[in-house]
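These notes are about the structure you will find just below.
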Amino acid sequence: MTVAAIVAAGGQGRRLGAATPKQFVDIGGRTMLERTLDAFVAHASIDEIVVVLPADTPGPASLTACTKSLKVIAGGHRRQDSVAAGFSAISDQVDLIVVHDAARPFVDAATIDRTIEAARRGGAAIAALRASDTVKEVSAEDPHRVARTLPRESIWLAQTPQAFARSVLADAIRVGLSGNTGTDEAALAEQAGHAVLLVEGNPHNIKITTPEDVAYARTLLSAGSGTAVGMPTRIGTGYDSHRLVEGRRLILGGVLIPYSMGLKGHSDGDALCHAITDAVLGAAALGDIGRHFPDTDPQWRGANSIGLLQHAVGLVRDAGYVVANVDAVVVAERPALAPHVDRIRTRLAEALGVGMDAVSVKGKTNEGMGETGRGEGIAVHAVALLRPAKS
Ligand code: MG
C-alpha cells in the first residue's frame, strides 16, 4: 500500500491576527508548518507528502532537506479547493491519502496509524474526540439562547488526520467541486454517500486558530519534563577512526594529549569530536560531518574539530533540539586516556552546551587485536541523545 499525506496549509489564518500566515508562526523555535511536516516526514507509513501553501508562498527552507518525495503546491480559495489541488499532485501509485491541517502541529504517529488502518479497512476514517462537555444547540433566531441539549454520548469532535482510500477522496472532491461545501473532507465523503469511521484522536492534537491557542501550544511545549508534546527525544550514533602517524599532535575531544604520534586527517584528526558530531547530526537526521564540512572545502582544512562540533550543535538547535547527553568509547591501545578524561569531558560539555555530567568518555584498548590493537590508529564510537528545545 502506498500512502500520501496532503498537508493543508493554504489558509491565511486571519483569526490569529499575526503578520504572517498562521502556519509560519513560531511555536517554540519552529514554525507550526515545520512541526506538522516533521510528523509526516518521520512517519514510516507515509511515502510521499504534498504541502498546499497560499499562492506565491515559499515553503520553509527545511523542506529541501526532506528525504521523502515532497511537493509544494499553491492552494485554492477554500480549504476543500486546496485539498483538491493537493490531490491532483499525488502520484498514480498512491492508494490511500491522509489529509491533515498544518494548524495541528502536535499530531502523533499513533493517531496517524489509527486513521490509516481504519481507512484501509473501511475506505474513510477520521481522528475524533468524544465530547466531554455537555453540548448545547442554540436557536436560529438568537445565538445566545439554548434551543436544546444534544445527547453527549452521540457527539464526537472531528480532528485531522483524516484518511481516505483514493477513490473515496476522489468522490469527496467531486462533490466539493460540484458546489457543496464541507468544513472537512469527511463531510464531503459523507455527502458522496461513503461511510466514515471514527478512531480515537489525541487531546494534544489541538488546532491552533487564535492567539490564545498559540500561547497554549507554547505552554504545552515547555510543560512537564521539558519534553515537547509531539516531538520525541532522538538518538544518534557516530563512528570515526583515524590513522596514528608521526609528526602530528594528538587531539581528542579538543584536548591536546602528550604522545609521540597524532591522528592523520585534513582537520586536526580529532576522531572523538568527529564521532560525536556524527552522533549529534544523526540524531536529528541532518546527515553527517562529511556533508556539512567536506574535506574538499578549503574552509575546513586544518579545522578545529571542537568548533565543527559546536557548529553541528547549532544546526541541531535550529531544528528544535538540544543535546541531552553523549556517551563515547575511544578504542586506543596507547596512550592511556584515563588521566585526560575529565579535561576532555569538560571541553566537550562546553561545545555541546551541557553540563559535564551529561558527557561520558571511556577509554578502551582492543586487547592487541587488529589495527587499533596494534596501535596503528584510534577508533571512536559515540551515541548522542537529543531532546526538544524548550520554548
Ligand atoms: Mg574523522
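Give the residue from Ala102, Val138, Ile73 lying farthest towards the positive end of the charge dipole for the range 3-219; charges sit on Cβ (+1 for Lys and Arg, -1 for Asp and Glu) and the dipole is referred to the Cα centre.
Checking the options against the dipole of the range 3-219, the answer is Val138.
Please work out the C-alpha center-to-center distance from the range 309-337 to the range 251-282 and express it in whole Å.
Taking the Cα centre of the range 251-282 as reference, the centre of the range 309-337 is 11 Å away.
Sequence gap at least 6, Cα distance under 8 Å: using those rules, report the relative contact order of the range 182-335 to the nearest whole percent.
The normalised contact order for the range 182-335 reaches 17 percent.
Hey, if you put +1 on the Cβ of every Lys and Arg and -1 on every Asp and Glu Cβ in the chain, which of Tyr216, Gly176, Gly375 ends up farthest toward the positive end of that dipole?
Tyr216
For the range 140-203 and the range 87-119, what is the centre-to-centre distance using only Cα atoms, to the nearest Å?
Here the answer is 16 Å between Cα centres.
Go through Ser241, Ser154 and list them by solvent-accessible area, largest first, probe radius 1.4 Å.
The residues order as Ser154, Ser241, largest area first.
Counting only the heavy atoms of the protein chains, how much of Met261 is accessible to a 1.4 Å probe, in Å² to the nearest 10?
40 Å²
So how much accessible area does Thr57 have, in Å² to the nearest 10, using a 1.4 Å probe?
The accessible area comes out at roughly 40 Å².
Taking the Cα centre of the range 3-219 as the origin, how large is its charge dipole in debye, to the nearest 20, when only Lys and Arg (+1) and Asp and Glu (-1) carry charge on their Cβ atoms?
240 debye
Charges at C-beta only: +1 for Lys and Arg, -1 for Asp and Glu. How large is the resulting dipole of the range 112-181 about its Cα centre, in Debye rounded to 20? Before the final figure, lay out each step's value.
Values: 10 positive and 8 negative charges, 45 e Å.
Magnitude of the dipole: close to 220 debye.
Given a 1.4 Å probe and the protein chains all in place, what does the accessible area of Arg301 round to, in Å² to the nearest 10?
Rounded to the nearest 10, the figure is 140 Å².
Dipole of the chain (Lys/Arg Cβ +1, Asp/Glu Cβ -1, origin at the Cα centre): which of Pro339, Leu157, Thr365 lies farthest to the positive side?
Final value for the positive-end residue is Pro339.
Taking GluC sites (Glu not before Pro) that fall in a DSSP loop and have at most 14 other Cβ atoms within 10 Å as cut points, what is the longest piece of the chain between them?
Here the longest segment lacking exposed loop sites spans 142-366.
From largest accessible area down, sort Trp300, Trp156; use a 1.4 Å probe on the protein chains. List each step's numbers first, then the result.
Working: Trp300 45, Trp156 75 Å².
Ranked list, largest accessible area first: Trp156, Trp300.
Show His274, His77 ordered by accessible area, largest first, where the area counts protein heavy atoms only and the probe is 1.4 Å.
Per-residue accessible area, sorted high to low, gives His77, His274.
What residues from the range 327-356 fall in the zone where the backbone N is under 17 Å from a label point 7 Å along the Cα-to-C-beta line of Arg374?
332-334
Which percent of the accessible heavy-atom area of the range 187-345 goes to carbon and sulfur, probe 1.4 angstrom?
Carbon and sulfur atoms account for 53 percent of the accessible area of the range 187-345.
The values are calculated or read from the model by the stated rules, or taken from the named source; none is laboratory data. The structure displayed is predicted, hence computed values, not measured ones. Cβ: placed from backbone, ideal geometry, glycine included. Neighbour counts: every protein chain shown. Accessible surface areas use protein heavy atoms only, side chains included; no ligands, DNA or RNA. Shrake-Rupley method; radii C 1.70, N 1.55, O 1.52, S 1.80 Å.
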